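Take a look at the structure below.
The values are calculated or read from the model by the stated rules, or taken from the named source; none is laboratory data. Keep in mind that this is a model prediction, so the values were computed, not measured. Glycine also receives a Cβ, built like all others from the backbone with ideal geometry; neighbour counts cover every protein chain displayed. Surface accessibility is based on the protein's heavy atoms, side chains included, excluding ligands, DNA and RNA. Shrake-Rupley method; radii C 1.70, N 1.55, O 1.52, S 1.80 Å.
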Amino acid sequence: MGWTSPVMNGLMGITGTHEPLDRPLTLEESSWVSSLLPLGAIFGPLCGGIFIDKLGRKFTILAMVGVPSILGWILTISAKNYGMLYAARFLIGISTGSASTLGPVYVAEISSALERGTLCSLPQLMISLGILLEYAVGPYVSYFALGCINLAFSVMFVVVSSWVETILADRLGRRPLLFFSTIGCGVSLTALGAHDYIASRDASAVSNIEWFPIASLVLYNIAFSVGLGPLTWAIMGELFSNKSKSAAGVLCGCFGWIGGFAISRTFQPISSLSGAFVAYWIYAASSFAGFAFMVFFLPETKGKTLQEIQKDLAIFGPLCGGIFIDKLGRKYTLLIMAGLPSILGWILTISAKNYGMLYAARFLIGISTGSATTLCPVYVAEISSALERGTLCSLPQLMIALGILLEYAVGPLGRRPLLFLSTIVCGVSLTALGAHDYIGARDRSAVSNIGWFPIASLVFYYIGYTVGLGPLTWVILGELFTSSAKSAAGISCGCFAWIAGFAITRTFQPIVSSAGAFVAYWIYAACSFAGFVFMVVFLHETKCKTLQEIQRDLDR
């Protein structure tokens, strides 16, 4: 959704060239490129509603979210004119609309009342991370590279997140996926090294295959996400008894992050001394060595109890418990070791004045990351069944993010207070942004010393939106209706939301041109305040309530 921001000036010929288009986009065409995504999103819920009850929630999400997104990014990468961009944005809009409507419906049906709020808030977290990726990476890579990155995520969603982790990991087993993963990583890195080797001798020999390094990295990331990324932590949570999980987790986690530190610290020196291809081939050799190790020493753990796994191994005895994990418990140790060092690390990063403070900050954040990836699989493996273990243990970092970011927000406070706060903050931020533009339009010097103010207003707007309006409207959608009514309700609400989104993106530029940006901001602010009034009068609290309790409240 944030793709247009880093690329639009280039496509319009304002900065750099208008490649890959045959001519620059006009202002009107750029407006359509931006607004066709929400227009396509209107059709996502409509099409999804037709198939959701026939094909089932899961396969409808795969078909309506993954396939249009992949086609859209392929069209984006190969676009030569504005028509191809229009089609691409429309297809990606169908994917976005389907995801925002069908996802909460599916999650609300498979989760309990206590977990529902946290899980249904996940789409907004993913949207925020996606937009952040576009803003952080987009300005520094080419149009083609950014398109390939987005395509890779779409492919991984279909192939990895929805197919491999939830189906293959618990059907094919851990070993086949790890074998494929290590071979795939090794081959990709070997190919990447070969390209760099040839280019260092004769750059003209690889001038026509500039796409090759990106393709190699995409294949590497896919292969890594299939096995080495999630399943190593899943297996770590399965191999050891409760008493030995603490010590085993500490040892495995330390070894893993020592390896990560060694790679990140030695890559540049190796590249400077011998060339990047040497580093790539060393990492490829490590992947092939990992394959050999798994063939000879790794037992299959799929669907087996701890006793069966231990019987296969016959070499692991109980180890001493960790220092904190057995004294404080798994949950509180996760909160302390993953949360506090991260907070302190980012405070140090913000206030850093020299490299020493940055060193300390990165070290603390490393403690947090290492703790999360080590302790979370231990905790999840103990509370899950053998059939669920592979899928759940594959998502440690996601669970940590949800636990810290959403558990303390959505859980204790409820939906109404957060939505009240969200609408007020959005309204105030947009009002302030409009006031700055209004004053600046009449006297530029009056706002010359507060150039930071619009950015601060937008930051507060995004915070306010992400706290409530972004995730919780879809959470409540999944809670208010019965299973039989969810499809129709999802279609209606999703279409209305994306019609409004299309209206905003399509009318913003005309309003700015005819009346000024401040008018548009104040109209949007008035909508936010109107939403606050609506929620105060009509919205019931749904937190931790069953469908019957929610329906009873609505009937009053």
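Odds and ends about this structure:
- Whichever residue in the stretch 530-556 is among the hydrophobic types (A, V, I, L, M, F, W, C) and not in a helix (DSSP H, G or I) and, among such residues, is most open to solvent (accessible area, probe 1.4 Å): Cys544
- Qualifying positions in the stretch 513-529 - closer than 24 Å to Ile424 by Cβ and open to solvent by 60 Å² or more (accessible area, probe 1.4 Å): Trp522, Ile523, Cys527, Phe529
- Residue match in the stretch 119-142 (condition: among the charged types (D, E, K, R) and either at pLDDT below 70 or touching a strand residue (DSSP E or B) at 6+ places or on another chain (Cβ under 6 Å) (or both)): no
- The set of residues in the stretch 334-350 that are of a type in the set (Gly, Ala, Ser) and either open to solvent by 50 Å² or more (accessible area, probe 1.4 Å) or in contact (Cβ under 8 Å) with a residue 24 or more places away in the chain (or both) comprises Ala338, Gly339, Ser342.
- When the stretch 468-503 is filtered for residues that are more than 23 Å from the chain's Cα centre (by Cα), among the β-branched types (Val, Ile, Thr) and at pLDDT 75 or above, only Ile499 remains.
- In the set (1) touching a Leu at 6+ places or on another chain (Cβ under 6 Å); (2) modelled with pLDDT under 80, the condition left unmet by Ser216 is number (2).
- Reported count of residues in the stretch 497-510, each being buried (at least 17 other Cβ atoms within 10 Å of the Cβ) and under 22 Å from Thr423 (Cβ atoms), is 6.
- For the condition at pLDDT 85 or above and crowded, with 19+ Cβ neighbours inside 10 Å, Ser188 qualifies.
- Scanning the stretch 18-45 for residues that are of a type in the set (S, T, N, Q) and open to solvent by less than 60 Å² (accessible area, probe 1.4 Å) yields Ser30, Ser31, Ser34, Ser35.
- Leu433 being within 30 Å of Ser514 (Cα to Cα) and either modelled with pLDDT of 85 or more or hydrophobic (A, V, I, L, M, F, W, C) (or both): yes
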